[in-house]
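The values are calculated or read from the model by the stated rules, or taken from the named source; none is laboratory data. Computed from a predicted structure; not experimentally measured. Virtual Cβ from ideal backbone geometry, glycine too; neighbours counted across all protein chains shown. Quick note on the areas: whole protein, heavy atoms, side chains included, nothing else; ligands and nucleic acids left out. Shrake-Rupley method; radii C 1.70, N 1.55, O 1.52, S 1.80 Å.
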Amino acid sequence: MESRQLLTDVIREVHERKASDLHVAAGSPPMLRILGDLEPSRMAEPLSSEQTREIAYMLMRDQVRQRFEEKMEVDFSFAVQGGGRYRVNVYTQRGMVNIALRVIPLEVPTIDGLGLPAALKMLAGERRGLILLAGTTGSGKST
C-alpha cells in the first residue's frame, strides 16, 4: 500500500478505535495504544524502513525535516483537517526511523466529565499550593 494512503487509513483507525497513541516502526505493523494496551493496526502488515521514513517525512515541514536530519530526533505537532491534532516524536533507533504520535483531544474535558472526585475539583480551585500528578505514559496526566 502506498505510504500516504496507509497514513490516512491508520489515522482514521486511531480515531475510530479511540486510541491515545500511534507507534510506527520498521519491521512491525503500526501499533495503536487503546486503554493502555498496544494493539496492531487492522492494516497489520509489517512496515519496511523505507515506508516508515516516508511516513515520517510526510508529517514534517521542511524546517522540521532539517532539524531531524541534524539531530536524528525531533518533536513537533501535526494536524489533519477533520482528523485531529497530534504531538509527534520522530527518532532513530538502530539506524531506522520510528514515529510516536500522541492524540491531542480537540476539546478539553471537564473535571466532572472525567468522573474525577469532588476533592480534586476543590483542590484545583485553591489559590495557592502545588499539585503533582504522576503516572505511567498514557495514563492521562496531561488531560
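Here are the numbers for this structure:
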{"read-out": "Looking only at region 56-74, and only at residues there that are under 14 Å from the mean Cα position of the chain (by Cα) and under 22 Å from Arg12 (Cα atoms), the one that is surrounded by the most Cβ atoms within 10 Å (Cβ to Cβ)", "value": "Ala56"}
{"read-out": "Looking only at region 23-50, and only at residues there that are open to solvent by less than 20 Å² (accessible area, probe 1.4 Å) and not small (Gly, Ala, Ser), the one that is modelled with the lowest pLDDT", "value": "Leu47"}
{"read-out": "Options Arg53, Arg85: the member that is more than 16 Å from Lys18 (Cα to Cα) and either surrounded by 11 or more Cβ atoms within 10 Å (Cβ to Cβ) or under 13 Å from the mean Cα position of the chain (by Cα) (or both)", "value": "Arg53"}
{"read-out": "Single condition Asp21 does not satisfy, out of (1) in contact with a Phe, Trp or Tyr (Cβ under 7 Å, 6 or more places away or on another chain); (2) within 17 Å of Ile104 (Cβ to Cβ)", "value": "(1)"}
{"read-out": "Subset of region 118-140 that is in a loop (DSSP other than H, G, I, E, B) and surrounded by 11 or more Cβ atoms within 10 Å (Cβ to Cβ) - its residue that is nearest to the chain's Cα centre (by Cα)", "value": "Gly138"}
{"read-out": "Residues (open to solvent by 20 Å² or more (accessible area, probe 1.4 Å) and not charged (D, E, K, R)) located in region 8-22", "value": "Thr8, His15, Ser20"}
{"read-out": "Top-ranked residue of region 98-117 - restricted to ones that are out of contact with any Asp or Glu (no Cβ under 9 Å at 6 or more places or on another chain) and among the hydrophobic types (A, V, I, L, M, F, W, C), ranked as nearest to Leu22 (Cα to Cα)", "value": "Ile99"}
{"read-out": "Residue match in region 66-81 (condition: within 27 Å of Gly140 (Cβ to Cβ), of a type in the set (Gly, Ala, Ser) and touching a residue at least 40 places away in the same chain (Cβ under 8 Å))", "value": "no"}
